[in-house]
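> Shown below is the structure under consideration.
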Amino acid sequence: MRTNKLLYSIRWQFAVIYLVLVGIVFGVVSVAISSLVEDYLVDQRIKSVMNVTNNTAVQMASYLSDYDAGSMYNIAVKNGNDSGGRFLVLNRSGIVVVDSFSDMNGVKLSDREVNDILYGQNSSSYGFHLINDENGGFWAVYCTSSIIHNGEIIGAVLYSSSIQDVVDATAMLQARTLTIFLFACGIIIVISLFTTNQITKPIKKLTDVAIKISNGDLSQRANIKGKGEVAELAQTFDMMCGRIQNMDQQRSEFVSDASHELKTPLASMKILVESMLYQDNVPEEVYKEFLGDINGEIDRMNSLITDLLLLSKMDSDIVTINLERVRISSIIRKCITALEPIAKERNIRIKTDMSDNFELECDPLKLRQAINNLIENAIKYTGDGGHVTVTTKHHAGEGAIRVEDDGIGMSEEHLGHIFERFYRVDKARSRETGGTGLGLHIVRRIALMHGGRVDVESEEGKGSVFTLVLPLVQDTEDIE
């Protein structure tokens, strides 16, 4: 419910933001258009009015000089009727000499437009005035032009004309613009709500899936298709969920396998102990045999717990690598020395070819553990009298440690799983040899920690080849 309210709020916030942004843009555009239209209309009217005023001033020059009021009146009336305005002729003192309407004769005018001509440096001027009348008033434009005779300003012509039609046209444009704006706002609200719904719908689905996963259902997926940012987020989210589910499954399998592996030797020891407890007059050699078996199971449990602790540290990134430069031959010799007694018990011969002796920058202890696991594994799965061969070779910046045996091998179906935890090709044989099912997994983890890899080749009945590949020290020189 809280999520739905949040998404509903987001939708309206998007709508309001869209509306405000578009409103600002539309408002600015509307004002700009209205201003441009108004300026254009006014400029056209001013040019027309100013042209009429200038022409009239030229016509009045000779008559004002001779004080021929009749001729000036006739010109003023005729030009006023032709242009639809009113003409006033003023003398040098600003007194009206002629009025085409015959209302202001003898009145002294002090309007700015008149003063600009008579007392300023302008030859023409104009301005806008609100004229009040019985209809409520209207806007008029005043244009003045100097009357010049013999190079001297002897008066001025003032022409007044209504410009209310321009004001009305501009007002109508603004009203229509407002109507379009309100209509556009309605459309924008609908579009923005639809758009935000399309945006928040996958987000809501992601949220619902996340809630179900947090409640333990790791099989949930958003399954949102598309190429947008939300779709990419959903696809990444699904990938993360898949990995979490896989990790949880691996954890469950690990716990189950570890419990089983620990339970098996405990069950064996319990049977052996009960056999000694509940049987009378057990021969000493039987006691020793049972105690030897118990000791072997304890060793196996100890080995398993050691491997489990090591893997736990690797999984939690606790294990650190202490890098040193070492020759691969020194590490391999130590491993063979430690495993030679086990091989001799079964008459297995360990052969080496370390003529290609290279230098690695590695953690010697961990690398020794990995190589030891490979060689020990080869010995366990090689029959009595068999051979294990360890070869070193480097090429193209990589060093390879190859451990080959002529043992039982394995079929192709096992090769893809051999490095998994607790995976065994032959579980019965693994328990006989004391294997924990973690050795090869540890080898791979150590290889990855060093930026390397481990490969396997095997054929059932013909043996196996494990190759540990690690990056070389760049300035390595071969030892002949």
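The values are calculated or read from the model by the stated rules, or taken from the named source; none is laboratory data. Given the structure is predicted, the values throughout are model-derived calculations rather than measurements. Every residue, glycine as well, gets a Cβ built from its backbone with ideal geometry; the counts of neighbours run over all protein chains shown.
> If only one of D82, D68 is acidic (D, E), without any contact (Cβ under 8 Å) to a residue 60 or more places away in the chain and more than 24 Å from E152 (Cβ to Cβ), which one is it?
D82
> What residue, of S93, S62, is in a loop (DSSP other than H, G, I, E, B) and surrounded by fewer than 14 Cβ atoms within 10 Å (Cβ to Cβ)?
One residue alone meets the criteria, S93.
> Pull up the range 119-151, narrow it to residues that are out of contact with any Gly (no Cβ under 8 Å at 6 or more places or on another chain) and β-branched (V, I, T), then point me to the one that is nearest to V49 (Cα to Cα).
This residue is T144.
> So for the range 208-218 (the condition being in contact with a Leu (Cβ under 9 Å, 6 or more places away or on another chain), crowded, with 16+ Cβ neighbours inside 10 Å and within 30 Å of T236 (Cα to Cα)), does at least one residue qualify?
No, the range 208-218 contains no residue that is in contact with a Leu (Cβ under 9 Å, 6 or more places away or on another chain), crowded, with 16+ Cβ neighbours inside 10 Å and within 30 Å of T236 (Cα to Cα).
> When residues of the range 320-356 are filtered for being assigned to a loop (DSSP other than H, G, I, E, B), touching a helix residue (DSSP H, G or I) at 6+ places or on another chain (Cβ under 9 Å) and farther than 21 Å from V473 by Cα, how many remain?
Summing the residues that are assigned to a loop (DSSP other than H, G, I, E, B), touching a helix residue (DSSP H, G or I) at 6+ places or on another chain (Cβ under 9 Å) and farther than 21 Å from V473 by Cα in the range 320-356 gives 2.
> Here are K227, K263, K270: which of them is assigned to a helix (DSSP H, G or I) and modelled with pLDDT under 75?
None of the other options fit; the residue is K263.
> Against the definition (in contact (Cβ under 8 Å) with a residue 12 or more places away in the chain, more than 19 Å from E152 (Cβ to Cβ) and among the basic types (K, R)), how does R92 come out, yes or no?
no
> Right, here's the next one. Looking at N347, N357, can you tell me which residue is within 20 Å of T467 (Cβ to Cβ), of a type in the set (S, T, N, Q) and touching a residue at least 24 places away in the same chain (Cβ under 8 Å)?
N357
> Test R45 against the criterion of being charged (D, E, K, R), under 60 Å from the mean Cα position of the chain (by Cα) and either closer than 30 Å to T177 by Cα or surrounded by fewer than 15 Cβ atoms within 10 Å (Cβ to Cβ) (or both), and give yes or no.
yes
> Taking M240, is it in a helix (DSSP H, G or I), at pLDDT below 80 and either hydrophobic (A, V, I, L, M, F, W, C) or surrounded by fewer than 11 Cβ atoms within 10 Å (Cβ to Cβ) (or both)?
Criteria not met by M240.
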